[in-house]
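Q: One structure, as structure tokens, below. Some questions next.
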Amino acid sequence: MAQPLSLVFDVPETDGDEDQEPSPYEESEVHDSFHQLIQEQSQRAAEEGLELQQVARTLGAPGSDHQTHLGPEGGPVHHTATLRILASMPSRTIGRSRGAIISQYYNRTLQLRRRSSRPLLGSVVRSARPSLRLYDLELDSAALEEDEKRSLLVKELQGLSVTQRDHMIRGMPLSLAEKRWLREKSWTPRGKRKGQQGRGVSGCSRLRYSCLLALHSLGLALLSGLYARWPWHYALKQIGGQFGSSVLSYFLFLKTLLAFNVLLLLPLLAFLVGVQAAFPPTPLGPAPTFTGLELLTGRDGSQCDPGAGGLPYNMPMAYLFTVGAAFFITCITLVYSMSHSFGDSYRVGSTKGVHALTVFCSWDCKVTQNWASRIQQDSIRTQLKELLAEWQLCREPRSVCGRLRQGLVLGLVWLLCLGITLGCTMAVLTFSEVMIQSSVAGGQEVGLLALPLVVSLLNLGAPYLFRGLATLERHDSPVLEVYVAICRNLLLKVALLGVLCYHWLGRRVAVLQGQCWEDFVGQELYRFMVMDFLFTLLDTLFGELVWRLISEKKLKRRRKPEFDIARNVLDLIYGQTLTWLGVLFSPVLPAVQILRLLLLFQVKKASLMANCQGPRRHWLASHMSTVFLTLLCFPSFLGAAVFLCYAIWQVKPSSICGPFRTLDTMYEAGTVWVRHLERAGSGASWLPWLYHHLVENTFFIFLVSGLLLAVIYLNIQVVKGQRKVICLLKEQIRNEGEDKIFLINKLHSVYEKRETRAGRTQGTAPPPALLTDRGCPGG
């Protein structure tokens with residue numbers, strides 16, 4: 001083996017370097033020396049490759065005239081000129097004796113790189129960028145010790161600006177602890193700059209630096225503590241590692257709903273609930289006795305004077321503008337989240353090449369704790385299972401008879417599911433009529449829970465029937481199976497909510513003339529939310545826990561029930577729709593929904609870990625978040641907005657309660673307020689103008705809707721364009737790789753012809769100098 005070279009830079013140094021800025025000549029000379037050093041290393045490696053080639057030629061086929069044959073490992077041995085070209089390629093020069101290169105480069109450029117005007121290491125071309133991968137211990141044996149190197153490195157970093165220092169430390173292949181130590185040691189106070197390097201640090205500077213470090217550490221500790229207090233801290237990683245992205249998408253969607261409800265609750269608390277709590281109305285009689293049933297029914301039985309309370313502003317306009325602004329903010333946030341999720345999930349059109357990236361590039365090297373490393377191992381293993389399962393789905397299609405048989409089964413199952421949905425809808429419609437008649441006859445307070453109980457039973461039982469019928473279909477793709485289940489459950493929820501909306505704003509308003517129907521609708525929606533939550537808990541208890549115990553104890557099976565993603569996600573959308581429907585009649589419903597979601601997260605997580613198993617057929621849920629947000633936007637949010645608009649524009653308010661009791665419709669509150677402003681004088685004349693041109697004018701509403709649709713359309717087109725660009729770039733990379741192979745083969749054939757022709761004329765092989773007389777790289 002060849003001895004290591006002694007690599008020395010010839011950089012002139014003067015005594016005045018400490019007080020002078022480096023000139024561009026010195027900087028360029030340093031980098032020229034750096035490139036020259038890399039070229040010497042590359043040339044040395046090429047010479048070693050030539051020596052190995054000669055040894056292989058001697059061992060393999062002595063005296064042979066052929067230049068391409070099998071080497072010691074059975075692979076092809078290329079021409080010497082081809083080896084020179086291969087050795088000089090950027091992909092071959094990266095990682096060759098980089099430890100020695102860094103050591104030499106550091107020793108000779110230490111003093112010149114102390115100024116802020118020198119170029120960063122990041123500006124060097126990628127082929128010349130050093131690394132510590134192949135560290136040569138022989139070349140580094142005569143270098144400085146580790147502590148001395150660290151001290152010199154700290155001195156060098158102190159001469160850099162803050163931005164360059166952070167960039168340099170961030171790019172070093174060191175651990176986080178070592179980077180943090182270098183950042184702390186290289187911090188330089190303002191007084192210790194170019195001309196003051198020799199002075200000591202004052203006591204005030206040290207105290208200030210210590211205080212800054214203490215405050216920074218305290219802030220990081222507080223942020224870490226607050227982040228650890230969130231219910232999804234560590235839980236989402238654990239769920240994704242054990243159950244895959246499909247089950248994880250449910251919990252991520254629950255987290256998104258929690259954020260939407262917090263955003264909806266803030267303006268309602270500030271302008272409606274808080275004001276009414278600060279200026280409560282006067283009760284007309286004694287407070288009723290609390291029995292505990294009010295937690296389920298939502299009724300308190302107290303009556304208040306609608307004309308008392310002394311509110312500080314116009315409460316009807318506060319209701320309209322606050323609910324309208326909250327819905328507008330929710331709509332913008334929902335559309336943005338949906339477009340962002342669409343861009344993340346649909347930007348890359350294929351998963352080709354993801355397997356290699358997952359195997360070689362998925363591990364986070366910053367992980368140091370055992371529990372974190374186990375979670376990451378589970379996550380990578382589950383991700384590989386999902387990718388392989390998606391790859392295995394691309395198989396040969398079924399025969400014609402198989403597809404006809406599957407089509408008949410699908411049609412029969414869909415007819416049965418539609419029949420079940422229609423039966424549930426008619427049952428709710430009939431039972432609601434019975435409840436109206438019983439309420440007119442004077443039913444008990446417990447009877448108010450009858451309709452929510454029936455609807456919750458149907459919402460619980462019908463999905464199990466859908467799931468049992470889905471076993472007959474035997475879909476090839478588990479993703480298609482989940483989408484079909486979502487469609488069937490969505491049809492059921494939409495049908496039931498449509499019947500309930502007709503029941504509340506149609507027949508109930510007509511029956512409750514002369515009574516406060518707004519309070520009844522708000523209380524009814526609260527009862528539906530509470531009953532739905534209780535049935536969700538019962539389903540978690542009996543549908544997962546009891547079934548697991550029966551399967552393990554009685555049936556002696558190790559199989560646990562799988563987590564039903566479609567049913568659980570549609571339950572979340574159903575509960576959120578009830579919240580949006582009741583915002584106008586009961587502004588505290590978002591707070592109830594927030595508490596419900598927090599409890600549901602803990603219950604579902606505990607049941608998932610203890611009672612459920614991962615999917616039998618893994619699948620990659622790359623588009624599930626986008627599908628969930630789309631269902632939340634169009635059927636749920638749009639339906640709730642239409643419901644509230646109809647209640648505001650068409651339904652007559654109650655005459656004995658509420659802020660709109662003296663009006664024919666809730667919308668007339670805006671007209672009355674504008675007339676009052678017009679009579680008040682010219683000081684607020686711009687407010688009526690805004691109301692007439694922005695609220696009453698339908699052109700503005702259509703313009704805003706058109707702009708929103710245009711933004712959605714443009715975002716979709718941008719994502720499609722990005723997908724096309726990514727596909728073109730992938731194709732270009734593949735073509736460039738083929739171009740390299742083509743060029744190497746051409747060079748190999750050219751040198752074969754030259755040597756064959758030279759061997760025929762001279763009878764011997766040409767010297768190595770003739771193989772590189774045209775300036776081939778590496779010669």
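The values are calculated or read from the model by the stated rules, or taken from the named source; none is laboratory data. Computed from a prediction, not measured in an experiment: that's the story for all the values here. FYI the Cβ positions are ideal-geometry reconstructions off the backbone, even for glycines, and counts take in every protein chain you see. Keep in mind that these areas ignore ligands, DNA and RNA; they rest on the heavy atoms of the full protein, side chains included. Shrake-Rupley method; radii C 1.70, N 1.55, O 1.52, S 1.80 Å.
Q: Give the peptides 567-575, 599-607 in descending order of average Cβ contacts within 10 Å, highest first.
A: 567-575, 599-607
Q: Still on this structure, please answer the following. Going highest first, how would you order 646-656, 628-638, 368-378, 523-533 by mean Cβ packing within 10 Å?
A: 523-533, 628-638, 646-656, 368-378
Q: Using a 1.4 angstrom probe on the protein heavy atoms only, line up Lys493, Lys385 by accessible area, largest first.
A: Of Lys493, Lys385, the descending order of accessible area is Lys385, Lys493.
Q: Count charges around Cys501 for me, please; just the other residues with Cβ under 13 Å from its Cβ, Lys/Arg as +1, Asp/Glu as -1.
A: Once positives and negatives cancel, what remains is +2.
Q: Let me ask something else about it. Excluding residues fewer than 8 places away in the same chain, name every one of the lysines whose C-alpha is closer than 20 Å to that of Lys155.
A: Answer for Lys155, where 20 Å is the Cα cut-off: Lys179, Lys185, Lys192, Lys194, listed by chain and number.
Q: Given the pairs Lys237/Lys720; Lys255/Lys493; Lys255/Lys605; Lys560/Lys605; Lys385/Lys604; Lys237/Lys605, which are separated by over 19 angstrom at their Cα positions?
A: Lys237/Lys720; Lys255/Lys493; Lys385/Lys604
Q: Okay, moving on. Which order, highest average first, do 583-589, 709-715, 181-187 follow once you tally other Cβ atoms within 10 Å for each residue and take the mean per peptide?
A: In decreasing order of mean packing, 583-589, 709-715, 181-187 become 583-589, 181-187, 709-715.
Q: Here's something else I'd like to know. Just to confirm a number: summing +1 for Lys and Arg and -1 for Asp and Glu over residues other than Leu541 whose beta-carbon lies under 14 angstrom from that of Leu541, what do you get?
A: That works out to 0.
Q: Using amide H atoms built in the peptide plane, which far-off residues or other-chain residues are under 5 Å from Phe563 H to H?
A: Gln613
Q: Within region 591-658, what whole-number % of the accessible surface is contributed by carbon and sulfur, with the 1.4 Å probe and all protein chains included in the calculation?
A: Answer for region 591-658: carbon and sulfur cover 70 percent of the accessible area.
Q: Right, next: When all protein chains stay in place, what accessible area (Å², nearest 10, 1.4 Å probe) is found for Arg675?
A: 140
Q: May I ask you to give the solvent-accessible area per residue for region 489-556, in square angstrom, as obtained with a 1.4 angstrom probe?
A: 42
Q: Would you work out what percent of the accessible area of region 415-569, with all protein chains in place, is carbon or sulfur (probe 1.4 Å)?
A: For region 415-569, the apolar C and S fraction of the accessible surface comes to 68 percent.
Q: Hey, what's region 645-715 come to in accessible area per residue, 1.4 Å probe, Å²?
A: 67
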